[in-house]
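J.: Mind looking over this structure? Questions follow.
The values are calculated or read from the model by the stated rules, or taken from the named source; none is laboratory data. This is a predicted model, so every value here is computed, not measured. FYI the Cβ positions are ideal-geometry reconstructions off the backbone, even for glycines, and counts take in every protein chain you see. Accessible surface is based on the protein model in full, side chains and every heavy atom, while ligands, DNA and RNA are left aside. Shrake-Rupley method; radii C 1.70, N 1.55, O 1.52, S 1.80 Å.
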Amino acid sequence: MKVTKAAEDLLALSHQEELVDLSNNYPLSASEDEGDSDGERKHQKLLEAISSLNGKNRWKLPERSEASLNVSEFNVSSEGSGEKLVLSDLLGPDKPSSSLVVVKKQLNRVKSKKTLELPLNKEEVKQIHREVAFNKTLQTLSKWDPVVEKNRQAEQMVFPMEREPSAFAPIEHVFGDWKAKTPLEQEVFNLLHKNKQPVTDPLLTPVEKASLKAMSLEEAKIRRAELQRARALQSYYEARARRQKKIKSKKYHKIEKKGKAKKALKDFEQLRKLDPSAALEELEKIEKARMMERMSLKHQNSGKWAKSKAIMAKYDLEARQAMQEQLAKNKELTQKLQVLSEREEEEGGAEDEEALVPDVVNGVHMTADGPNPWMHRNCNHDRKEEEIQTNPQQLPESVAHDFSESEGEERPVAEEEILLEEFEERRSLRKRSELKHNAEPVSSQEIKDSNSQEVLSELRLLSQKLSKETHQSKKQNGSSAGTFLQIQREERAPEEEEPLMLQRPKRVQTLEELDALGKEECLQNKELPRPALEPEQMERNPQNQPKGKKKEQMIKLQNLLTTKTPSVKSLAVPTTVEDLEDEVERDQKQMIKEAFAGDDVIKEFLKEKREAEEANKPKDVDLTLPGWGEWGGIGLKPSTRKRYQFLIKAPEGPPRKDKKLPNVIINEKRNIHAAAHQVRALPYPFTHHKQFERTIQNPIGSTWNTQRAFQKLTTPKIVTKPGHIIKPIKAEDVGYCSSSRSDLAVLQSNPKRLSKHHQKQLKKNSVDD
Amino acid sequence: MKVKMLSRNPDNYVRETKLDIQRVPRNYDPTLHPFEVPREYVRALNATKLERVFAKPFLASLDGHRDGVNCLAKHPKSLATVLSGACDGEVKIWNLTERKCIRTIQAHEGFVRGICTRFCGTSFFTVGDDKTVKQWKMNGPGYGEEEEPLHTILGKTVYTGIDHHWKDPAFATCGQQVDIWDEQRTSPVSSMNWGFDSISSVKFNPIETFLLGSCASDRNIVLYDMRQATPLKKVILDMRTNTICWNPMEAFIFTAANEDYNLYTFDMRALDAPVMVHMDHVSAVLDVDYSPTGKEFVSASFDKSIRIFPVDKSQSREVYHTKRMQHVICVKWTSDSKYIMCGSDEMNIRLWKANASEKLGVLTSREKSANDYNQKLKEKFQHHPHVKRIARHRHLPKSIYSQIQEQRIMKEARRRKEMNRRKHSKPGSVPIVSERKKHVVAVVK
């Protein structure tokens, strides 16, 4: 019995072990050492069981599965023998193990706890429910906001909104029962069959079908993805290139350029080694590029950059260097390799070094060097003439060049001067009568001033004669005689030399001269168009312009003003001597007076009023018919008697409303009859009367608009189809998906919400059943 | 001798076929067509006048009821079919094209309080004073069969209104509370109430179909959520609201027909002030129905007239009345948005055009474009005094006209009084309340 029992135990144990193994196998993350110790114990047990089988050691040792405090003196279990007592166990903290602590804690907890709060009032609970539900509803409704907004602002709405699916039958269905009858049809049929064109069902050729099938969805997707990737890459590279192009750092570009050149060279070397023929081709290409470059004028100093550098070159060493570099490049490119001999090359180099510095800067040297083709191109015509002339002329010219500045600076000064000139002109016109007797001394002064420049002017005159530029002078005095022309020219030369401010008094001088000729009147008339002409002159005559401008720079605005005022004073008040401050004040006042001298406001108003009165007065009606009862024709007028007879005098109108109001003009033009048709107040959506007027003034009829525009302008806001039911808008219509569950289903799955009354009813029903 | 004469290429002016449009050469040079504005103004004036000349909105009167018509219902699938319930419990189904009654049912004892059709159009429901809800087949019984309802539900209290869900086989009734019924069951699936007064009408939202609105005799309008089976919010107005109608194109907009002669258009998300107060009626407004386009609605009033209001205007654009039409109890706008039906006290259902001067039937394209042009002209010159005067002119029965005058005086007096009060009291103590906020008493969460 016992043996069998022991065997059974063993079997059971092994079973258990297997089970344990299985369970251990599955959760892989279970801790290993635990399993090991477990296994050991079981192994021990197994050994014991086996040892008990042999019969000698029948009685089993009592086994203790739990640690017990009282160990009997007879059987000390050996199970815990493997574990040693550790010092730390003995040194453990001495806990106050009184059981009262727990009780105290519990007591405290009980004390601290308050009574449960009363459940919320039923109404309040309901309110909370309602609010929650309302917020939920708001969320669902919020999706309609954009739709509603769009529909409200839509130009046109077409109802019914949902499009009926177009019920197009495939063509093979339509022609399904058609058969070729006539011989022609049959012939066509046969032809089609020859080409494997299906006639009835389906209407696609096998090839077409195959092509349709060829690309499956996956393939298409993959291809599309590839395409997308390629596009993205392309755009990325483009963006990168753009970014690189935008980098302003010169150093970066220089380095990059150098790198590129190096790389090209390297490539070329490699190519030469690997494939000489290709290298040759490459070489040819390079040569061709060089030739192209040579033909183009890219690296000369004609570009924007080069020009700006040219201006800076005088002051800035770096700019000069840059220019030199560029020109060197130009030279390198434009070199003719085979043809030129070495000597010539050297000469060319020398020439180029001259060209490195902008021509404006070393203009003197250039002229000394003699004709330079590049300089010829840039240099203006005027200068060439000077070169032909004597040397002393060159000196002041070069000085003038030294004063050259950028054009931007020159401009405003010139404009200011023109303005001042005009102002001066006006003033002179007003005071003509006063000035007349004073004109002589002023002009004499001017003569003195101009004396110093007489030589120069004569030279200029000569040059002008040489160049035979007569168009300006023609304009100046188209009507006057040949002698007059000469005088004019003599005046004009210094004019160009001198700043514009000084031109007017000179003209006075000419007046004087012409006085002698007895042409005072005609010339005074001439004075008016002159100032207007002068800017024109400046533009027409670009050759003379730079010189004039250069001279202008020398005279500053401040100087002009200070020199001007005393002259005015001396003209107006020649005898009195005053303080400087008083002078300034007076000048100021006078200036203002002069500035607004022309506009008399009160006079203008009165004039306006008179005009308005005149315009509103009823007009006389003249009914005379020329030639009626007497001779008529050109140059003949109806007799005064006739005129008097047939003139119907208009009756005196009612007195004007503003008759007794001297400072008011009342417009009496308002038509009452028209006013009845006019809108009195600005209608609502408009914010300004101009908006409204514009909408009214745009005609919409087909009389004024093309057919297309007319249709567009008259599209009705709402279009409905007669006989079609318009259903309420649906979520599907506007691209939303509506909830799949029906409202009723949702409600029925929500039984806790049933009212009590209803629940009672339900219960009753169930009881009845 | 050579005779000179004009010669033209016939290709330039001869049509290829008879059906082609005549080629009209036009020169659009503005100098050739001067006086654009005056000419268009005259055209607009003429168009306005013609519109008034052709304004003949009354189409037909459907007589046959033996008591006042209490409720109307549209057929969801057929434009020609209309259902009406009378105060003697009779329900009639009409064919509008033939203007004939197709079928008559003695549905209830006492009033037929409400009638609604199922969304599929195969059956309809009626509620009556006899505390029953009845479902009827749309098609009449066969020969020899008796006229019997499909289902009859006996309730405990009187039902005053009914409306069917727009998609599901469910309907809602109102009376003591709002009940939601499954068509298959004899007891309500859920019933919701808030307050104890009787509810006069309940309407499902046509777009967000789980929403309901109801109005009760304690002056409030209550919104419900059918899914969560709970009321949502309540707004209390000055006076009782008779019925509400949801805008079929804008999910959160509804209009309430009030006893205080006004209609209030609410945005259900912000109930503290109506979006628009529509006032033109001179007596209680009894019914309201939206045009299916959602741009206008029609209201029926106790003052024996119906009015058409644009949704965004406070004044009506049209008023319809006839000598014989008495208090209008119910009104419906047909689903093609062309016609309006109204049922009134004197047992008739009347059919009107929605646009009084519209030409019925098929229009040629020229007619259509001329019509469009005229409409645009009228719109363009609508602010000009003469055009405005003619366009606004309506003949009104003496009773309504004098009432309007009277009410204008009353309103002016009230305004003056308020102004005086404000003038003579501490500044700020009599605040200026906008017309829209005046009529809302409270919003209850």
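J.: Can you list residues from other chains, or at least 5 along the same chain, whose modelled amide H is less than 5 Å from the amide H of B:N242?
T.: When sequence neighbours closer than 5 places are left aside, the close amide H contacts are B:A257, B:N258, B:E259.
J.: Can you list residues whose amide H is under 5 Å from B:V441's amide H, if they're 5+ apart or on another chain and H is modeled 1.01 Å from N?
T.: B:I236, B:L237, B:D238
J.: A further question follows. Order the peptides A:649-656, B:131-138 from the highest to the lowest mean number of other Cβ atoms within 10 Å of their residues.
T.: Highest mean packing first, the order is B:131-138, A:649-656.
J.: Let's see if you can work this out: charge +1 on each Lys and Arg Cβ, -1 on each Asp and Glu Cβ, no other charges. What is the dipole magnitude of chain B about its Cα centre, in debye to the nearest 20?
T.: Details: 70 positive and 52 negative charges, 544 e Å.
So the magnitude is around 2620 debye.
J.: Which order do the peptides A:246-252, A:272-278 take when ranked by the mean count of other beta-carbon atoms within 10 Å per residue, highest first?
T.: Details: A:246-252: 8.7, A:272-278: 10.6.
Put in order of decreasing packing, that is A:272-278, A:246-252.
J.: Compute for the range B:234-311: radius of gyration divided by Kirkwood radius, i.e. Rg/Rh, restricted to C-alpha atoms, rounded to two decimals.
T.: 0.93
J.: Same structure again: Express the C-alpha Rg of the range B:331-445 as a ratio against the empirical globular expectation 2.2 N^0.38 Å, rounded to two decimals.
T.: Against the empirical 2.2 N^0.38 Å value, I get 1.66 for the range B:331-445.
J.: Sticking with this one: Which value, in nm² and rounded to one decimal, describes the direction-averaged projected area of the C-alpha convex hull of the range B:256-392?
T.: It is 9.8 nm².
J.: Which value in Å does the Kirkwood hydrodynamic radius of the range B:10-120 take, with 1/r averaged over all unlike C-alpha pairs and then inverted?
T.: When all Cα pairs of the range B:10-120 are included, the Kirkwood radius is 19.6 Å.
J.: Return the average number of partner chain Cβ atoms within 10 angstrom of each residue Cβ along peptide A:737-747.
T.: 6
J.: Tell me, how many Å apart are the Cα centres for the range B:188-260 and for the range B:307-354?
T.: With the range B:188-260 and the range B:307-354 each reduced to a Cα centre, they are spaced 23 Å.
J.: My understanding is that a pair violates if its Cα-Cα distance is over 22 Å; which of B:K77/B:K131; B:K74/B:K376; B:K411/B:K438 do that in this structure? Write out the running numbers ahead of the final one.
T.: Values: B:K77/B:K131 29 Å; B:K74/B:K376 32 Å; B:K411/B:K438 14 Å.
Beyond 22 Å between Cα atoms: B:K77/B:K131; B:K74/B:K376.
J.: Output the Cα-based Rg and Dmax of the range B:140-266 in Å, rounding Rg to one decimal and Dmax to a whole number.
T.: That works out to 15.7, 54 Å for Rg and Dmax.
J.: Pairs to check: A:K122/B:K234; A:K251/A:K288; A:K721/B:K137; A:K617/A:K660; A:K136/B:K295; A:K717/B:K295. Give those whose C-alpha atoms are more than 22 Å from each other in this structure.
T.: Pairs exceeding the cut-off: A:K251/A:K288; A:K721/B:K137; A:K136/B:K295.
J.: Could you sort A:305-316, A:586-597 so that the peptide with the highest average Cβ count within 10 Å comes first and the rest follow in order? Please list the in-between numbers first.
T.: Working: A:305-316: 15.8, A:586-597: 12.6.
Going by the mean number of other Cβ atoms within 10 Å, highest first, we get A:305-316, A:586-597.
J.: Kindly tabulate the residues in the range B:340-384 with an accessible-area decrease of at least 30 Å² between the chain alone and the assembly of all protein chains, using a probe of 1.4 Å.
T.: In the range B:340-384, residues shielded by partner chains: B:D372, B:Y373, B:K376, B:K380, B:H383, B:H384.
J.: Just to compare against my own numbers: the Cα pair-distance distribution for chain B, 20 Å bins, whole % per bin, please.
T.: Per 20 Å bin, starting at zero, the Cα-Cα P(r) for chain B comes out as 22, 48, 22, 7, 1, 0 percent.
J.: Give the A-B buried accessible area in Å², both sides summed, 1.4 Å probe, nearest 100.
T.: 6300
J.: Sticking with this one: Taking 40 Å² as the minimum loss, tell me which residues in the range B:51-96 lose that much accessible area going from the chain by itself to the full protein complex (1.4 Å probe).
T.: For the range B:51-96, once contacts with the other chains are taken into account, B:L79 lose 40 Å² or more.
J.: Moving on. In sequence order, what are the phi-derived ³J(HN,Hα) couplings for the range A:585-595 according to the Karplus relation 6.51 cos²θ - 1.76 cosθ + 1.60 with θ = phi - 60°, rounded to whole Hz, with x for glycine and proline?
T.: Here the 3J(HN,Hα) series is 4, 4, 4, 4, 4, 5, 4, 4, 4, 5, 4 Hz.
J.: I need the Debye-formula profile for the range B:163-219: one equal scatterer per C-alpha, no solvent, reported as log10 I(q)/I(0) at q = 0.16, 0.21, 0.22, 0.26 1/Å, two decimals.
T.: Result of the Debye calculation: -0.45, -0.75, -0.81, -1.05.
J.: Taking chain B as a Gaussian network, where each spring joins two C-alpha atoms under 10 Å apart, which residue of B:N355, B:N139, B:N420 fluctuates the most?
T.: Looking only at B:N355, B:N139, B:N420, the biggest GNM fluctuation is shown by B:N420.
J.: Moving to a separate point now. Against the 2.2 N^0.38 Å scaling, with N counting residues, where does the range A:602-677 land? I'd like the Cα-based Rg ratio to two decimal places.
T.: 1.63
J.: Then there is this: Tell me, what HN-Hα J-couplings in whole Hz come from the Karplus equation 6.51 cos²θ - 1.76 cosθ + 1.60 at θ = phi - 60° for each residue of the range B:80-88, using x for Gly and Pro?
T.: Using θ = phi - 60°, the values come out as 7, 9, 9, 10, 9, x, 10, 6, 9 Hz.
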